[in-house]
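This report concerns only the one structure given below.
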Amino acid sequence: MRQTRRSIYRVVGRRGTTLVEIMIVFGLVSLLISATAVYNRAIQRQIVLTREHATALGLFIRARSAGLTAPRGTSGELVCGYGIHIDAASRTFTFFKDLGISPADCSSADFSYTDATEKIDQKILGDSVSVTDSGVSDIVYTPPYGKVYTDGIEASDSVSVIITSLDTGSAKGIRANAFGQITEYLLPTP
C-alpha cells in the first residue's frame, strides 16, 4: 500500500506550489498592472488635448460655415460676418456675429468682436492646456462668399492657434488661411 502511494505521487507530480512560485507570479502581475496604469495616464492626457483641440476646431468650422450663408441672422438683423474671438490668456474662444452699426449695410462693420451683444457661443478650454495664438485675436468670415478678415483687416496670410498640453508638452494646431481654408496639424513633441 505504501509503495503504491509513492508511485502515484511520482507519476502525478508534486502537490501544490511553493511560496517562491506564488511570489514570482504576483510580481509579474503587479509589474503588468503598473505598466498599464502608466500607459493609461498618458492616453488620458492625450485624450484631454484632443478634446480641447476639437472644441476649438468646431468653433472655427461653425464660423466659416456661417460665413458662407446668407447675410441675415436668425432674428432678421443684417450680419456682416461670423467669427472667432481668441483670448489666449483665458483660453477662451468666442463664436460671434459681427453686426454693422448701420442696420442697412455692412460698410460700418468693424469685422471684430466688440461686445457681448455679438456673442453666439463661447468655450473656455480646461486648465490642463495652454493656448498660443499668432498675434491675431479675431478671425471673421463674411457672407455670402466667406471672405476672411483678421483683426478687422482683410486677411493676406495664415493665422495659427496652438493648443498645448501642460502635462505632456504635446501640441495640436489650427491654421486658417486667407481663403477660408481651415486645417489642423500635430506639432512634434519636444
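The values are calculated or read from the model by the stated rules, or taken from the named source; none is laboratory data. Note that the structure is predicted; figures quoted are calculated from it, not measured. For neighbour counting, all protein chains shown are included, and Cβ atoms are generated from backbone atoms with ideal geometry for every residue, glycine included.
A few remarks follow.
- A search for C-beta distances below 6 Å between a residue of the stretch 172-190 that is over 18 Å from Val140 (Cα atoms) and any residue that is polar (S, T, N, Q) and not in a strand (DSSP E or B), counting only pairs 6+ apart in sequence or on different chains, returns Thr189/Ser170.
- Strands (runs of 3 or more DSSP E) fully within the stretch 51-160 that include at least 2 residues being modelled with pLDDT of 90 or more and out of contact with any Gly (no Cβ under 6 Å at 6 or more places or on another chain): 79-87, 92-99, 119-124, 129-133, 147-150.
- If only residues of the stretch 94-124 that are more than 28 Å from the chain's Cα centre (by Cα) and within 14 Å of Asp151 (Cα to Cα) are counted, the one that is surrounded by the most Cβ atoms within 10 Å (Cβ to Cβ) is Ala109.
- Residue within the stretch 132-140 that is on the phi < 0 side of the Ramachandran plot and without any contact (Cβ under 8 Å) to a residue 40 or more places away in the chain present: yes
- Yes/no for Gly180 being in a loop (DSSP other than H, G, I, E, B), surrounded by fewer than 20 Cβ atoms within 10 Å (Cβ to Cβ) and on the phi > 0 side of the Ramachandran plot: yes
- Pair list, Cβ < 9 Å and 6+ apart or interchain, from the stretch 141-152 residues that are more than 14 Å from Ser112 (Cβ to Cβ) to residues that are part of a strand (DSSP E or B) and among the acidic types (Asp, Glu): Lys147/Glu154
- Remark: Asp138 matches the filter, which requires a residue to be over 15 Å from the mean Cα position of the chain (by Cα), surrounded by 13 or more Cβ atoms within 10 Å (Cβ to Cβ) and of a type in the set (Asp, Glu).
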